[in-house]
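Single-structure report; data block below.
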Amino acid sequence: MVIYKQWEKILKKKIALLTCGWNNSFNLNFISGMKKALASAEADIYIFNAYNYTEYSGFLNFTGFSIFNLINYEDYDGVIILSDLIDNPRILERERQRILKAGVPAIAINKKINGLNFIKIDNYTGFYRLLTHLIMEHRLTKFAYVSGSEKSLEYAERYKAFRTITTEKSIFVPNERIVTIEKSCFKDAYAFFSGFLDTNSELPEVIVCANDQIALACLLAAKENEIKVPENLKIIGYEDEPFSKIVHPAITTVQNSTTHAGYGAVNRFINGNTDLFDIKFEGNMVLRESCGCSSEKTTKEDGTLSILSAINQMESSEEFSNHLNSIGELFTEAMDVFSLLTNIENYFVKSHKFEGNDFCIFLKSDWSSVLINSEENLPQNITYGTQVQPLCSIQNDKKSFREMISTKSLIPEKMKSEGNNIYLFMPIFYHSYVHGYFVTKNNLFMLENANGYKWTRNFGDGIEQFRKKNMFKQMSQQYLKLSTRDALSGLLNRAGIEKLAKPFFQKNKNERITTILYFVDINRMKVINDQFGHLHGDLAVKTIAAAVLETVPKNWLCIRYGGDEFLVVGNTVNYNGEDYCAKIKERISQKTSVMRLPYSLTASVGSYLVDPDSKLSLEEAVNHVDNLMYIQKQAFHKSH
């Protein structure tokens, strides 16, 4: 027997709702019922909304269910789980154990969870009665059935009702007239019916649809194929969506009991009913023109309101899409973490129509270090830590202080208020790494048409895009730092000594080969820079570097050692004793003779041979050749 904690006073209770947002009509209807139950009592509803989805790779991503990790069940007076929508045995079992451990009363909706109260939204009885009406009142015997996802319990019950009544009445339905549309949406259903009605010369008398979206798609396809409804084809649906009553002909359907279930669940908590119970809410059939019955009376105002609402929804959808694009651009255009934070806050201060007047975008306390993490992929992490900090906090339509709060607190104190409030929480994540969460107050827009999925995916993708951009930037900077090429001279830079010259020098020693070093220093470089400017100084460097490269063997290493100093590291392989000191000077003279420079450009060159048995390091050998070159340079200055 479950032992629940003692009920607290009714005033300002806290009720948690766990759901998956894909079935927006179910969620919104259920929450509507919850709100009605609160008309005579004060309570806050905390909705923890997740989305599961299949990634492009085919990987089933359940990271969104991490939003349930935010819940401390001990803090709530009641918990409602829309278990049919969540439909993940591992997640449901984990939450079941946590709930029982906390001793908080809880209700599972549509799918039983051991030890928890249970409310069943009956998808069988109302459908069975409607199908019986078609057979007994309209004398229909030629049926087709179009269902939604076979994984859905509600669709399974509706199909069971169809199979039961046709079996009882000895009505044969061929397999080719029983179809499953996996996504059960208008678009996919319309694509199916466009072909089905066009290619079937012998139509069924009635097409039974598992929901109104499918029925509406069937009606459109029938009209386009000039099939009269209900004269030549009858159509029925389920769920009684708003459009079903204003189309022509209006759709016969079943009004389910989702709103009643939401009301009943909350009412149980308010009344303090802690005894285990198992109850059922039945749906009611709604007879309209699409099955040949008289249409229920609706006012013009009802139809007009629905049409205008649809137009507004379409415009809002386009505006929301543009809003998401703008959010994505914030991550694309930000150059660093500080500019990203500034851009996000500035944007949402001005543009938060869809997020609501009271919302926060929280990231984990280590968010700044995560954003500059240079790992190719972040490790799996579905926890939120002990503290979170808002990237943006809007309270009462104005920017609020971005204070770090305890994760257990969930929302800032300023966000709390009297009366009945609804707080909606959604996770922000990418792949299997949770970055934080979004919370909005008294705003259910994100539960409409999977808007929350689009928003959180867009935000999570934006974070990863920024992180990857920053990662590539770091890699590029690291590459430039370690690059061995000097941009001005085209020679190797000082890093080339470590990466190439030292290994080359050691390889000579290992293979018993003598190393040859040449040190080249431009004469009177300071005079050139001071009197003729740094552009001429750059020209001098390029000219001497080119002369060195063009003179020594191609397999030797030429390095810009300093501003006007160059080091050549070679060996005696294929070396015939050439005097490269003289050759380099000669090549410089050849190049400058045609340049008409306003100054004399020459260089001092010193050389040194390093025997393979020498104990000298490369640095020590370079010092030797530098000293020899310096002696030559002093002689040059004395003679000029």
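What to note about this one:
- Reduced Cα scattering model of the range 509-640, Debye log10 I(q)/I(0), q = 0.12, 0.14 Å⁻¹: -0.47, -0.63
- Cα-centred dipole magnitude for the range 66-177, charges only on beta-carbon of K, R (+1) and D, E (-1), debye, nearest 20: 440
- Antiparallel DSSP beta bridges within the chain, percent to nearest 5: 55
- Positive dipole terminus of the range 527-640, leading residue within 605, 545, 616 (C-beta point charges): 545
- On the beta carbon distance between residue 620 and residue 498, with R0 = 22 Å, the FRET formula returns roughly 0.90.
- When you filter the GluC sites (Glu not before Pro) in the range 162-235 for DSSP loop state and at most 11 other Cβ atoms inside 10 Å of their Cβ, you are left with 182, 202, 226, 231.
- Fraction of alpha-carbon pairs over 19 Å apart in the range 23-150 - percent: 62
- In the full protein context, the range 364-440 carries 46 Å² of accessible surface per residue, based on a 1.4 Å probe and ignoring ligands, DNA and RNA.
- These residues, 98, 467, go from largest to smallest accessible area, 1.4 Å probe, as 98, 467.
- On Cα atoms only, tilt of 580-592 relative to the major axis of the chain in degrees: 80
- Protein accessible area in the range 487-596, 1.4 Å probe - carbon and sulfur %: 50
- Karplus-based coupling profile of the range 27-35, in residue order and whole Hz: 4, 5, 5, 5, 5, 4, x, 4, 5, with θ = phi - 60° in 6.51 cos²θ - 1.76 cosθ + 1.60 and x standing for Gly or Pro.
- A convex hull fitted around the alpha carbon atoms of the range 34-77 yields 85 Å³ per residue.
- Helix 618-639 vs. the chain, principal-axis angle (Cα, 0 to 90°, nearest 10): 50
- Under the simplified labelling scheme, the residue 485-residue 280 pair shows an inter-label distance of 7.7 nm, with each label point 7 Å from Cα along Cα→Cβ.
- Quick note on the chain: its Rg to Rh ratio, both from C-alpha atoms and Rh being the Kirkwood radius, is 1.25.
- Per-residue 3J(HN,Hα) values for the range 261-272, derived from phi via the Karplus relation 6.51 cos²θ - 1.76 cosθ + 1.60 with θ = phi - 60°, read 5, x, 5, x, 5, 5, 4, 5, 5, 5, 7, x Hz in sequence order (x marks Gly and Pro).
- Under the Karplus curve 6.51 cos²θ - 1.76 cosθ + 1.60, θ = phi - 60°, whole-Hz ³J(HN,Hα) for the range 531-540, x wherever Gly or Pro sits: 8, 10, x, 6, 5, 5, x, 4, 4, 4
- Residue-level accessible surface for residue 94, protein heavy atoms, 1.4 Å, Å²: 70
- Toward the positive end of the charge dipole of the range 1-115, with +1 on the Cβ of Lys and Arg and -1 on the Cβ of Asp and Glu, the farthest Cα among 69, 45, 28 is that of 45.
- Per-atom-type breakdown for the range 74-182 gives carbon and sulfur 50% of the accessible area (1.4 Å probe, protein chains only).
- The range 496-596 - percent relative contact order, Cα under 8 Å, separation 6 or more: 34
- Applying 1/(1 + (r/R0)^6) with R0 = 45 Å to the Cβ-Cβ distance of residue 575 and residue 473 gives a FRET efficiency near 0.50.
- Of the GluC sites (Glu not before Pro) in the range 558-593, those whose Cβ has at most 14 other Cβ within 10 Å and which sit in DSSP loop: 578
- Shape category assigned to the range 458-540 from the gyration tensor of Cα positions, a/c cut at 1.5: oblate
- Per residue, the accessible area of the range 463-543 comes to 55 Å², computed with a 1.4 Å probe over protein heavy atoms only.
- Between residue 333 and residue 546, the contour length at 0.36 nm per residue exceeds the Cα-Cα span by 72.6 nm.
- C-alpha long axis of helix 300-333 to longest principal axis of the chain, angle in °: 20
The values are calculated or read from the model by the stated rules, or taken from the named source; none is laboratory data. Bear in mind that the values here come from a model prediction, so they are computed numbers and not experimental data. Here Cβ is always computed from backbone atoms with ideal geometry, including for glycine, and neighbour counts include all displayed protein chains. Note: accessible area is taken over every heavy atom of the protein model, side chains too, but ligands, DNA and RNA are not part of it. Shrake-Rupley method; radii C 1.70, N 1.55, O 1.52, S 1.80 Å.
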